[in-house]
Amino acid sequence: MNCRFCKNPLEYELINLGMTPLANSYLSQKNLHNEEKYYPLSVMVCNKCFLVQLSEDATSPENIFSDYVYFSSYSQTWMNHSEDFSKKMVDKFSLNQNDLIVEIASNDGYLLQHFIDNNIPSLGIEPAANVAKTAEERGIKTVNKLLPKKLSKILRKNSFRHSKSL
């Protein structure tokens, strides 16, 4: 297998957790007697670009993110950290309304809400429809997909500055 980023052959296994069910894919009461699906969970690291990645694609993103149960805002400690982090980034980079904050895997908007509170345009990219819906309900513009290639090109071309083409 080759690295998904630089195509270098992968040689180093970081950890192998064997066959594992999907995280947060709890069985409903009526499905307790059905067989649970397991997938290989081996994590590799590229010795050239250091990308950490699964050793194989065990299941589709649609299967993983169809009904995601983890919402980042459930943790008050994480929320406090996110607010503190956003304040530090605003100060460190002098962020303002001319900038655009993009968060990939933005979950329910737990982080972006703090940038929006400071009038800094923000965009979430979240593949789980139920989680993305919650972010949208909070007023956080969210693209409900895995990072679309077209959007990544627009963002790169515009140097992450706010763009009317979004």
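The values are calculated or read from the model by the stated rules, or taken from the named source; none is laboratory data. Everything quoted here is computed from the prediction, not taken from an experiment. Ideal geometry is used to build each Cβ from the backbone, glycine not excepted, and the neighbour counts take in all protein chains shown.
Report the residue count in segment 14-51 for those that are β-branched (Val, Ile, Thr) and more than 17 Å from ILE64 (Cβ to Cβ). I'd like the intermediate steps shown before the answer.
From segment 14-51, those β-branched (Val, Ile, Thr) are 15, 20, 43, 45; that's our starting set.
Then drop every residue that is not more than 17 Å from ILE64 (Cβ to Cβ), which leaves 15, 45.
Result for segment 14-51: 2.
I'd like the full set of residues that are within 19 Å of the chain's Cα centre (by Cα) and outside any helix (DSSP H, G or I), limited to segment 72-106.
Answer for segment 72-106, where residues must be within 19 Å of the chain's Cα centre (by Cα) and outside any helix (DSSP H, G or I): SER75, LEU100, ILE101, VAL102, GLU103, ILE104, ALA105, SER106.
Is there a residue being exposed (fewer than 12 other Cβ atoms within 10 Å of the Cβ), of a type outside the set (Ser, Thr, Tyr) and without any contact (Cβ under 8 Å) to a residue 12 or more places away in the chain anywhere in segment 94-106?
Taking segment 94-106 and keeping what is exposed (fewer than 12 other Cβ atoms within 10 Å of the Cβ), we get 94, 96-98.
Within this subset, residues satisfying the condition of being of a type outside the set (Ser, Thr, Tyr) are 96-98.
Filter once more, so that each one left must be without any contact (Cβ under 8 Å) to a residue 12 or more places away in the chain: none.
Scanning segment 94-106 turns up no residue that is exposed (fewer than 12 other Cβ atoms within 10 Å of the Cβ), of a type outside the set (Ser, Thr, Tyr) and without any contact (Cβ under 8 Å) to a residue 12 or more places away in the chain.
Among what's in segment 107-159 and is touching a Leu at 6+ places or on another chain (Cβ under 6 Å) and not in a strand (DSSP E or B), pick the residue that is farthest from HIS81 (Cα to Cα). Step through it out loud before you land on a result.
Looking only at segment 107-159, we keep the residues that are touching a Leu at 6+ places or on another chain (Cβ under 6 Å), and these are 120-122, 124-125, 127, 140-141.
Subsequent filtering for residues that are not in a strand (DSSP E or B) retains 120-121, 127, 140-141.
Details: ILE120: 19, PRO121: 20, PRO127: 23, ILE140: 19, LYS141: 22 Å.
Per the criteria, the residue is PRO127.
From PHE65, PHE85, grab the single residue that is surrounded by 12 or more Cβ atoms within 10 Å (Cβ to Cβ), modelled with pLDDT under 90 and within 23 Å of LEU155 (Cβ to Cβ). If you could, list the steps in order and put the result at the bottom.
Values: PHE85 fails: modelled with pLDDT under 90.
Being surrounded by 12 or more Cβ atoms within 10 Å (Cβ to Cβ), modelled with pLDDT under 90 and within 23 Å of LEU155 (Cβ to Cβ) holds for just one of PHE65, PHE85, which is PHE65.
Look at SER25 and say whether it is part of a loop (DSSP other than H, G, I, E, B) and either touching a strand residue (DSSP E or B) at 6+ places or on another chain (Cβ under 7 Å) or closer than 26 Å to GLU126 by Cβ (or both). First the steps, then the outcome.
Values: part of a loop (DSSP other than H, G, I, E, B): yes; either touching a strand residue (DSSP E or B) at 6+ places or on another chain (Cβ under 7 Å) or closer than 26 Å to GLU126 by Cβ (or both): yes.
Against the criterion (part of a loop (DSSP other than H, G, I, E, B) and either touching a strand residue (DSSP E or B) at 6+ places or on another chain (Cβ under 7 Å) or closer than 26 Å to GLU126 by Cβ (or both)), SER25 qualifies.
Exactly one condition in (1) under 25 Å from LYS88 (Cβ atoms); (2) surrounded by 14 or more Cβ atoms within 10 Å (Cβ to Cβ); (3) at pLDDT 80 or above is false for ASN158; which is it?
(3)
Quickly run through segment 48-71 and pick out the residues that are of a type in the set (Phe, Trp, Tyr) and either in the same structural domain as ARG138 (by TED's automatic domain parsing) or within 16 Å of the chain's Cα centre (by Cα) (or both). Explain how you work it out, then say what you get.
Looking only at segment 48-71, we keep the residues that are of a type in the set (Phe, Trp, Tyr), and these are 50, 65, 68, 70-71.
Correct list: PHE65, TYR68, TYR70, PHE71.
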